[in-house]
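The values are calculated or read from the model by the stated rules, or taken from the named source; none is laboratory data. None of the values given here were measured: they were computed from a predicted structure. Heads up, the Cβs are rebuilt from the backbone with ideal geometry, glycines too, and the neighbour counts pull from every protein chain shown. Keep in mind that these areas ignore ligands, DNA and RNA; they rest on the heavy atoms of the full protein, side chains included. Shrake-Rupley method; radii C 1.70, N 1.55, O 1.52, S 1.80 Å.
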Amino acid sequence: ADEVIVVDDASTDGTRQAAEKLGAKVVSNNQGKGYIGAIKTGFKQARGEIVITLDADGEHAPQDIPRLIQPILDDKADLVLGKREKIARISERFVAWLTNFKVKVADPNTGFRAIRRDVALKLKLEAKCTCGVLVLEADNYGARIDEVPITARQIPKKRKIAWEHFCQLFYILRWLAA
């Protein structure tokens, strides 16, 4: 990677200090903007042609980055999703099922993706989370979308996420109708 950007979304857990100590560029949202706000901040701050998003929960293996960016380097894709072998949450499987009415991908909910920066900067991402919406919006802008299998650790996720996916359905339906 040419640069590593950590978006510190007003955390109080020492994220900023730990990331700086490891040499990352840390960008802070003074007020918590949530996941979508952090993603948008990262897209704006990135300078490379390809931007990788990697959630901080430890689910994804950075060793998969070369495989993730290869379809973009080969000019076969503008957005590449890291496809997990198993999507555990029923709410994520339902979001995937809905998204597939328009874009045929197995894991539109993944937090591990590579995207051309010019495409990333077009995304408005007006939703509760990126699940389904990022893929549908990128498709709406004509992005070529691909998936590659990745290694993912099973990690405990907050129950609150499933309820957020319920709200997310309204955003997904809006993009399906577009």
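Brief remarks on what is shown
- Residue, modelled with the lowest pLDDT, within the stretch 37-57, restricted to residues that are under 15 Å from S11 (Cβ atoms) and among the small types (G, A, S): A56
- Among the residues of the stretch 70-82, those identified as of a type in the set (A, V, I, L, M, F, W, C), open to solvent by less than 40 Å² (accessible area, probe 1.4 Å) and either under 15 Å from D2 (Cβ atoms) or in contact with a helix residue (DSSP H, G or I) (Cβ under 6 Å, 6 or more places away or on another chain) (or both) are I72, A77, L79, V80.
- Contacts under 9 angstrom Cβ, first residue in the stretch 14-38 being within 22 Å of G111 (Cα to Cα), partner among the basic types (K, R) and open to solvent by 50 Å² or more (accessible area, probe 1.4 Å), 6 or more apart: A19/K25; V26/R16; V27/K44; S28/R16; K33/K40; G34/K128; Y35/K128; I36/K128
- Scanning the stretch 96-154 for residues that are within 20 Å of I5 (Cα to Cα) and among the polar types (S, T, N, Q) gives T110, T130.
- Scan of the stretch 85-100 for residues that are part of a helix (DSSP H, G or I) and open to solvent by 40 Å² or more (accessible area, probe 1.4 Å), ordered by number: I90, R93, F94, W97
A quick yes/no check of all residues on (1) in contact (Cβ under 8 Å) with a residue 12 or more places away in the chain; (2) open to solvent by less than 80 Å² (accessible area, probe 1.4 Å); (3) over 15 Å from the mean Cα position of the chain (by Cα):
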residue: K102; (1), (2), (3): yes, yes, yes
residue: R116; (1), (2), (3): yes, yes, no
residue: K128; (1), (2), (3): yes, no, no
residue: L134; (1), (2), (3): yes, yes, no
residue: E137; (1), (2), (3): yes, yes, no
residue: Q154; (1), (2), (3): yes, no, yes
residue: E164; (1), (2), (3): yes, yes, yes
residue: I172; (1), (2), (3): yes, yes, yes
residue: W175; (1), (2), (3): yes, yes, yes
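- In the stretch 118-132, the residues that are at pLDDT 95 or above and over 20 Å from E147 (Cβ atoms): D118, L121, K122, K124
- Unmet requirement for E20, which otherwise passes all of (1) open to solvent by 30 Å² or more (accessible area, probe 1.4 Å); (2) under 25 Å from V80 (Cβ atoms); (3) at pLDDT 90 or above; (4) in a helix (DSSP H, G or I): (2)
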